[in-house]
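Here is the structure we will look at, set down as structure tokens.
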């Protein structure tokens, strides 16, 4: 008999919980939520990584789509870079993958392009760097460089004027 997969998503102003798996796992996540666990967000699609421990006052609650509108990115290279910044600064990820960027495109209701190639283009301009994982298999992970962070922050300052 095939095992059923359960999925739950709970969104509150201070955190988001998404769990997918067998019934016991999903029920355990619900019990943690009911037990007043400190505000955290877990994204099962992002391989179960804990995203953040920050409270709502420590971070701004903003969607990926709204962030892209604030940045004013027109080119895909700028959009991918901005999504990387968003994932690091607002979602609390220490590193991100092409799948994480594609999820941002989806959340922002935008059509994505060849994300992997655009990441490579940002690597060439030294705005993104690949994180080397020793002995770990899985998708490539990336982080923004100081140049990439400064580029997005400059665009944010320009959009505030």
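Annotation: of all residues in the range 60-71 being part of a helix (DSSP H, G or I), in contact (Cβ under 8 Å) with a residue 40 or more places away in the chain and over 19 Å from residue 128 (Cα atoms), the one that is farthest from the chain's Cα centre (by Cα) is 70. Wholly within the range 72-161, which helices (runs of 4 or more DSSP H) include no fewer than the required count, namely at least 1 residues that are over 13 Å from the mean Cα position of the chain (by Cα) and not assigned by TED's automatic domain parsing to the domain that holds residue 16? Answer list for the range 72-161: 76-89, 115-124, 146-160. In the set (1) at pLDDT below 75; (2) within 15 Å of the chain's Cα centre (by Cα), the condition left unmet by residue 38 is number (2).
Can you confirm whether residue 133 is more than 22 Å from residue 70 (Cβ to Cβ) and in contact with a strand residue (DSSP E or B) (Cβ under 9 Å, 6 or more places away or on another chain)? So residue 133 passes the test. Among the residues of this structure, residue 87 counts as one that is within 27 Å of residue 16 (Cα to Cα), touching a strand residue (DSSP E or B) at 6+ places or on another chain (Cβ under 8 Å) and free of Cβ contacts under 8 Å to residues at least 40 places away in the same chain.
The values are calculated or read from the model by the stated rules, or taken from the named source; none is laboratory data. The structure presented is a predicted model; accordingly, all values stated were derived computationally and were not measured. Neighbour counts run over all protein chains shown; Cβ positions are idealised from the backbone, glycine included.
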